[in-house]
Every structure is written in C-alpha cells, then in structure tokens.
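J.: Here you go, one structure.
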Amino acid sequence: MLLILLDKLLNYKEKILATAPMMDWTDAHCREFHRLLAPGARLYTEMVHAKAVIHGDRTRLLAKTPLQSPLALQLGGSEPDALAQAARIAADHGFDEINLNCGCPSDRVQAGRFGACLMREPALVADCVAAMAAASDVPVTVKCRLGVDGDDDYDAFARFVDGAVAAGASMIVVHARNAWLSGLSPKENRDIPPLRYDWAHRLKRERPALPVVLNGGIATQPAALDQLVHVDGVMLGRAAYHDPYLLHALDAALSGRPLQSRADLLRALRPYAETRMSEGVALKHIVRHVLGLFHGQPGGRLFRQVLSEGGHRPGADWQLVEQALAATACVAARDAA
Ligand SMILES: Cc1cc2nc3c(=O)[nH]c(=O)nc-3n(C[C@H](O)[C@H](O)[C@H](O)COP(=O)(O)O)c2cc1C
C-alpha cells in the first residue's frame, strides 16, 4: 500500500499543472497571484494576436515578472510570418513557451480566420507551428479543441495533432470538446458542447512520447488527480480563477509541498501589489483576482464584499486587504464558537 502511494506521489511530481489562458482574467496581476499559490504550475497569458505583439504596446501586452516563469505567451493568428515574428519577440522577452490558439470560437476571431476555425485547416496550422518553431528556441505548443461544429471524427482530430507535432509542436493542450462556430456564444462554447475526455486519453495512449495536457471542466482535486492517471497534465481555467485555493491545494498535492493558509498566501502578494500601486495601478485591478480566495469558507462572502466595495474607493491601499482578512477571520471565529 505504502509503495503504491509512493509510486503515485513520484509520478505526480512529473505531472503538469497549468492555468488556462483567459482573456481579461489571466493578466499579469492574476498570474502573480497564481504563481504564489502554485509555485510548480505553468501559467498562460491571455491570448494576444501576433500582429498586436508586432505593432502594439509591448510594455502592456507582454507585461510580466520573473517570478511568473514558467510562463507561456498565447498567440492568436494564422499568418506564419507574423506568428514567427511574434514568437521571436516573445522569446526575446523571456517567455518560456509560445502557445498557438486553435480553440477560440468568437465571431471576431473567426472573422480573422484564427482560433477554433483552424481545426479545419491542419496544413495551415502546421505551417504556422513550423514558422514559430524556426523563429526561436522557445518550445511551441498548441491549444486546440476536438473539432468544430458537428465534427465527430477522432482520426481527423489525431491527424490535426500529428501535423502540428510533425511541424514542431512539443505539447498539445486539448480543450476536450468541440467548438460550435455558429449559434453559441464563447461562454456557451465552454459548457454546452459535450466533454469527451476519452479522446485525449486515447491520443496519449497512442502517442506515449507526446505530452498531452487535458483541459475543460476540471473543477475539483479528485477530478484533476483522476485525469492525471491518463494524461501528462491538467489545465484549469474557471475553477482556478473562481476558487484559487484549489490551485494551491493541487500544486501542494502534486509537489508534496505543505499547504499554506489563505491569509499567508495573500499577504505574500503585498510587495508586488505595493510596487504596482507605486506605479499608479489601482488596488482594485489587482484584488479583483483574489475575490474567490475564501470560496466556500466561512466569511468568504464578506471577504469578497469588503474588497470589491472598498477597492473602488479612491486611494484604497493594502490596509483594505487586511480589513477583509480581519472581517473574514471574525466570521470564521464566530462560526466555530
Ligand atoms: C473569461 C475566459 C476567457 C478565455 N480566454 C481564452 C483565451 O484567451 N485563449 C484560450 O485558448 N482560451 C480561453 N478561454 C478558454 C479557457 O482557456 C479554457 O479552455 C476553458 O475555460 C475550459 O477550461 P475550464 O473548464 O477549466 O474553465 C477563456 C475562458 C474564459 C472563462
């Protein structure tokens, strides 16, 4: 029994825990917090279009701190030259992985001929990956769906993956459902098309050397650990954002590191927050990412309320966070009495 447990622990140390790229959510402030919660996790930026990387405000778009590594920049786009140029820039900025988005179903993205509609263009994806891989030494990975609309062809999905891998992709992240390109909003596209974890499991079984990371609907620690029996890694999006302590607990379970208290984890963010505030960033932009820290805990609602209401007041500083922690501790103590 002990040996089996030990074996599981050793295997888990090799496994990948990742947070999902999420537009408007996984900004630099969020990633700093997630890194403190999960020192072993791979973090992903929001998607940035290759042309924005080339022509846009890089100080803003590529903002990060050294602590956030290993950190992947997720690129959107479908022009090999632009993606290669953006990949080179990302490498120069110190990103540790460059990920190509082949999963976003939004109308704007479809109109630009990138994101999920690339699932139907495996040759173009292979060209994009080859150009990105040739542009720098930084690993290139792909995040994809199983197919689009009514596609239900495992072999087509596997051919898509094989094309990307032959072109140089070193890892595949599978959001294990189709994207429906018409009739569903991006939000609905994250819930309504049914999950098919078995396709990701089969992909891994048939390609043991290919790192496969499974994404979609993983919302508890047992669910994540169950999936890690079948694949190399799990990527958590909404659950990690709304219940960030889950990310911490999972990282601790995989690494063997001890659990820290919510308050200690949050206080570790203070130096970062105060540096950003000294540069003119309002506290509310940072603390909006920590609102779920006491999810499901006594006082969790009050914690969220104190921070979200107080964060909007001009001049709000770290004392607000201390007030939120104190209020939460009071509720917890009252409930325990
Ligand atoms: C607010 C939000 C924004 C997202 N933005 C992106 C994105 O920029 N790139 C991407 O590949 N996926 C994006 N996604 C999808 C997630 O990366 C992930 O695939 C999806 O939420 C399913 O994982 P989950 O069930 O763990 O949340 C986004 C999801 C959310 C909730």
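The values are calculated or read from the model by the stated rules, or taken from the named source; none is laboratory data. Because the structure is a prediction, the values reported are computed rather than measured. Using ideal geometry, Cβ is built from the backbone for each residue, glycine included, and neighbour counts are taken over all protein chains shown.
J.: Evaluate the following for ARG31: is it in a helix (DSSP H, G or I), away from the ligand (no atom under 14 Å from the Cβ) and either under 24 Å from ARG108 (Cβ atoms) or in contact (Cβ under 8 Å) with a residue 24 or more places away in the chain (or both)? Lay out the reasoning, then the answer.
T.: Details: in a helix (DSSP H, G or I): yes; away from the ligand (no atom under 14 Å from the Cβ): no; either under 24 Å from ARG108 (Cβ atoms) or in contact (Cβ under 8 Å) with a residue 24 or more places away in the chain (or both): yes.
For ARG31, the condition - in a helix (DSSP H, G or I), away from the ligand (no atom under 14 Å from the Cβ) and either under 24 Å from ARG108 (Cβ atoms) or in contact (Cβ under 8 Å) with a residue 24 or more places away in the chain (or both) - is not met.
The rows are residues; the columns are (1) modelled with pLDDT under 95; (2) more than 16 Å from the ligand (Cβ to nearest atom); (3) farther than 18 Å from ALA41 by Cα.
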| position | (1), (2), (3) |
| --- | --- |
| ARG207 | no, yes, yes |
| ALA239 | no, no, no |
| ALA252 | no, yes, no |
| PRO258 | no, yes, no |
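J.: I need a count of the residues in the range 214-245 that are under 14 Å from the mean Cα position of the chain (by Cα) and either under 22 Å from ASP24 (Cβ atoms) or small (Gly, Ala, Ser) (or both).
T.: Qualifying residue count, the range 214-245: 16.
J.: Looking only at the range 97-133, which residues are buried (at least 23 other Cβ atoms within 10 Å of the Cβ) and out of contact with any helix residue (DSSP H, G or I) (no Cβ under 8 Å at 6 or more places or on another chain)?
T.: ASN99, PHE114
J.: Could you please give the count of residues in the range 304-326 that are free of Cβ contacts under 8 Å to residues at least 60 places away in the same chain and surrounded by 16 or more Cβ atoms within 10 Å (Cβ to Cβ)? First the steps, then the outcome.
T.: As a first pass, look at the range 304-326 and keep what is free of Cβ contacts under 8 Å to residues at least 60 places away in the same chain: 304-324, 326.
Of the ones still in play, those that are also surrounded by 16 or more Cβ atoms within 10 Å (Cβ to Cβ) are 304, 306-307, 310-311, 316, 318, 320-321, 324.
So the answer is 10.
J.: Can I ask one more? Which numbered condition in (1) hydroxyl-bearing (Ser, Thr, Tyr); (2) surrounded by 18 or more Cβ atoms within 10 Å (Cβ to Cβ); (3) more than 16 Å from the ligand (Cβ to nearest atom) is the only one that THR141 fails?
T.: Only one criterion in (1) hydroxyl-bearing (Ser, Thr, Tyr); (2) surrounded by 18 or more Cβ atoms within 10 Å (Cβ to Cβ); (3) more than 16 Å from the ligand (Cβ to nearest atom) is unmet by THR141, namely (3).
J.: Next question, about the same structure. Which one of these is on the phi < 0 side of the Ramachandran plot and within 16 Å of the ligand (Cβ to nearest atom): ALA263, ALA273, ALA219?
T.: Details: ALA263 fails: within 16 Å of the ligand (Cβ to nearest atom); ALA273 fails: within 16 Å of the ligand (Cβ to nearest atom).
The match here is ALA219.
Residue by residue, here is whether (1) of a type in the set (S, T, N, Q); (2) touching a strand residue (DSSP E or B) at 6+ places or on another chain (Cβ under 7 Å) holds:
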| position | (1), (2) |
| --- | --- |
| GLN74 | yes, yes |
| GLY94 | no, no |
| CYS102 | no, yes |
| GLN110 | yes, no |
| LEU124 | no, no |
| MET132 | no, yes |
| CYS144 | no, yes |
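J.: Whether any residue in the range 89-96 is buried (at least 23 other Cβ atoms within 10 Å of the Cβ), closer than 19 Å to GLU46 by Cβ and touching a residue at least 60 places away in the same chain (Cβ under 8 Å) is what I want to check.
T.: Our first condition is that a residue be buried (at least 23 other Cβ atoms within 10 Å of the Cβ); within the range 89-96, this holds for 90, 95.
Keeping just the survivors that are closer than 19 Å to GLU46 by Cβ gives 90, 95.
Restricting the remaining residues to those that are touching a residue at least 60 places away in the same chain (Cβ under 8 Å) gives none.
No.
J.: Cβ-Cβ distance below 8 Å, separation of 6 or more or different chains: which pairs start in the range 36-53 with a residue that is more than 25 Å from GLN260 (Cα to Cα) and end on one that is among the polar types (S, T, N, Q) and assigned to a helix (DSSP H, G or I)?
T.: The qualifying pairs are ALA50/GLN85; VAL53/GLN85.
J.: Any idea which of ALA84, ALA20 is touching a residue at least 24 places away in the same chain (Cβ under 8 Å), at negative phi and away from the ligand (no atom under 13 Å from the Cβ)?
T.: The unique qualifying residue is ALA84.
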